[in-house]
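Following: one structure in structure tokens, then a few remarks.
The values are calculated or read from the model by the stated rules, or taken from the named source; none is laboratory data. Note that the structure is a prediction, hence the values are computed from the model and not measured. When we count neighbours, we look across all protein chains shown, and the Cβ atoms used for this are built from the backbone with ideal geometry, even at glycine.
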Amino acid sequence: MTPLKIVLTGATGGIGSAMALAFAQAGHSLVLLGRNSDGLEALRNSLDQPERHQIMRADLSSAEAIISLAADLVDAGGIDVLVNNAGVSDFGLLTDLHDDELEQMLRLNLLAPMRLCRGLLPLLCASANACIINIGSSFGSIGYAGFSIYCASKFGLRGFTEALQRELADQEIAVHYLAPRAVRTKMNPPAVVAMNAELGNSEDEPATVALAALGLLIERQSCSRYLGWPEKLFVRLNGVFPRVVANALKNQLPIIKRYAKQQRETRSL
């Protein structure tokens, strides 16, 4: 594979770190984005040939910061790939979520990828290997109790990606949507980990997502890819027979509400 220059957001998170490792081992150069300079530096130093990689600190929830970041990337030279991985999730019933939590999820999970795509498209389209990978979720296709705003942000990201795939269909750029199921990262609080265990929801390692993202780098046709079984089946089933899925998930509601209450009490401490 031709070595690529990859802009990776949320680089120091669980999935981000795994992707950085996989991309670097494959010989690609990285621009690692995040808010923690020390974490970014530690990550760069852990990668193959750290001198090949750059770090840039940015708060992607800020429109002004993204404008400045896009200008810095122009000055830093061309790029081939943008991976929109940064994201946050707050588990809880809608009535327990505060305005700042709602806004943070929508700004980082949805508005930031939109703004980055818009700001970096001129750079990307100058590459012969241009690619965008938006990291979504199975919850971008299945509304799930306790994750209403997170689902809304990922539903929006999926719709944005689909529209962008069609808007750029006459250009040499691949636009991908990668939707993992639950992943073992620190983003999941103990209540969610315990709930998944009780419900029998499978969780993947971050490396599973990283390998899937690595595979998308060679896909020249835009695509949407979903990870995990039976989650892929439920995505399709929900699109055709949503009431069947709704009835199945309704049986889980008492357990979800019990853990949502536990999470609310933990946050109030």
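Do we have Ala248 as modelled with pLDDT of 95 or more, of a type outside the set (D, E, K, R), under 28 Å from Leu93 (Cα atoms) and assigned to a helix (DSSP H, G or I) here? Spell out the reasoning first.
On the way: modelled with pLDDT of 95 or more: no; of a type outside the set (D, E, K, R): yes; under 28 Å from Leu93 (Cα atoms): yes; assigned to a helix (DSSP H, G or I): yes.
No: the conditions fail for Ala248.
Can you find, within the range 154-182, the residue that is surrounded by the fewest Cβ atoms within 10 Å (Cβ to Cβ) among those that are of a type in the set (A, V, I, L, M) and either modelled with pLDDT under 95 or in a helix (DSSP H, G or I) (or both)? So that I can check it myself, show each step before the final result.
Applying the first criterion (of a type in the set (A, V, I, L, M)) to the range 154-182 yields 157, 163-164, 168-169, 173-175, 178-179, 182.
The next check asks that each one be either modelled with pLDDT under 95 or in a helix (DSSP H, G or I) (or both); those that pass are 157, 163-164, 182.
Values: Leu157: 25, Ala163: 11, Leu164: 21, Ala182: 19.
Going through the qualifying residues, I end up with Ala163.
When the range 116-174 is filtered for residues that are of a type in the set (D, E, K, R), within 18 Å of Arg225 (Cα to Cα) and either touching a residue at least 40 places away in the same chain (Cβ under 8 Å) or in contact with a Lys or Arg (Cβ under 9 Å, 6 or more places away or on another chain) (or both), the ones remaining, listed by number, are Lys154, Arg158, Glu162.
Scanning the range 96-122 for residues that are under 16 Å from Leu164 (Cα atoms) and either of a type in the set (Gly, Ala, Ser) or touching an Asp or Glu at 6+ places or on another chain (Cβ under 9 Å) (or both) yields a count of 2.
Here is a yes/no grid of residues against (1) within 18 Å of Met187 (Cα to Cα); (2) surrounded by fewer than 18 Cβ atoms within 10 Å (Cβ to Cβ):
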site	(1), (2)
Phe91	yes, no
Thr95	no, yes
Cys117	no, no
Pro122	no, yes
Ile133	no, no
Phe139	yes, no
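Among the residues of the range 27-46, those that are surrounded by 15 or more Cβ atoms within 10 Å (Cβ to Cβ) and not in a helix (DSSP H, G or I) comprise His28, Ser29, Leu30, Val31, Leu32, Leu33, Gly34, Arg35. Taking the numbered list (1) crowded, with 18+ Cβ neighbours inside 10 Å; (2) closer than 20 Å to Tyr150 by Cα; (3) hydrophobic (A, V, I, L, M, F, W, C); (4) within 17 Å of the chain's Cα centre (by Cα) in turn, Met187 passes all entries but (1).
Looking across the range 26-69, the residues that are more than 23 Å from Pro113 (Cβ to Cβ) and out of contact with any Leu (no Cβ under 8 Å at 6 or more places or on another chain) come down to Gly27, Asp38, Glu41, Ala42, Asn45, Asp48, Gln49, Pro50, Glu51. Checked against (1) over 23 Å from Leu249 (Cα atoms); (2) surrounded by 16 or more Cβ atoms within 10 Å (Cβ to Cβ), Asp204 meets all criteria but (1). When you look at Ser127, is it more than 28 Å from Pro3 (Cα to Cα), of a type outside the set (Asp, Glu) and more than 12 Å from the chain's Cα centre (by Cα), yes or no? So Ser127 fails the test. Looking across the range 224-245, the residues that are assigned to a helix (DSSP H, G or I) and among the basic types (Lys, Arg) come down to Lys232, Arg236, Arg243.
For the range 229-243, state whether one or more residues are at pLDDT 95 or above and touching a Phe, Trp or Tyr at 6+ places or on another chain (Cβ under 8 Å). Looking through the range 229-243, none of the residues is at pLDDT 95 or above and touching a Phe, Trp or Tyr at 6+ places or on another chain (Cβ under 8 Å).
When the residues of the range 251-269 are filtered to those that are outside any helix (DSSP H, G or I) and without any contact (Cβ under 8 Å) to a residue 40 or more places away in the chain, which remaining residue is surrounded by the fewest Cβ atoms within 10 Å (Cβ to Cβ)?
Of the range 251-269, the ones outside any helix (DSSP H, G or I) are 251-252, 269.
Now narrow it down to the ones that are without any contact (Cβ under 8 Å) to a residue 40 or more places away in the chain: 251, 269.
On the way: Asn251: 9, Leu269: 4.
Top of the filtered list is Leu269.
The set of residues in the range 251-269 that are at pLDDT 95 or above and of a type outside the set (S, T, N, Q) comprises Leu253, Pro254, Ile255, Ile256, Lys257, Arg258, Tyr259, Ala260, Lys261.
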